[in-house]
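A quick write-up on the structure given underneath.
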């Protein structure tokens, strides 16, 4: 495979993965809106970002330290699916909206919760992969 076909193939993996991740994010947002309609806290955004932080660390470590996940599968899952699932821009929009509407406590708690839980989730993902796959 020459460089251009490799680039096209890798781009296709990312595009398909991003679509799947974005679709999953939409379903999570829809579920939270349906089951927690009165909550002002951005639970859906926090949930996808924490899950994505865990999974991207787990998958990356697994791909880089074992032969279980190929480079193309890693690209599909991390850049594609997790890239489509997680969302800094929505997190930022949630913060701006909370600040615009005078919800300083929600903005503060959301910021701290997102930073702390995503960092913790990433560390746990890495530790889980190391523990489960001796790497």
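Every number in this text was worked out from the coordinates using simple rules, so none of it is lab data. Everything quoted here is computed from the prediction, not taken from an experiment. Every residue, glycine as well, gets a Cβ built from its backbone with ideal geometry; the counts of neighbours run over all protein chains shown.
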*Along each principal axis, Cα extent of the stretch 1-48, largest first, Å*: 53, 14, 9
*How much length is gained if the chain between residue 131 and residue 101 is pulled fully straight, taking 0.36 nm per residue apart and subtracting their Cα-Cα distance, in nm to one decimal?*
6.3 nm
*Alpha-carbon gyration tensor eigenvalues x 5, square-rooted, for the chain, Å*: 31, 19, 12
*Work out the P(r) tail for the stretch 56-135: percent of alpha carbon pairs separated by more than 17 Å, whole number.*
57 percent
_Computed over the chain: relative contact order in percent, which uses C-alpha pairs under 8 Å that are six or more apart_ = 38 percent
_If packing is taken as the average count of other Cβ atoms within 10 Å, what order do 78-91, 21-34 fall into, highest mean first?_
78-91, 21-34
*Taking R0 as 35 Å, what's the FRET efficiency between residue 38 and residue 123 from their Cβ-Cβ distance, rounded to 0.05?*
0.60
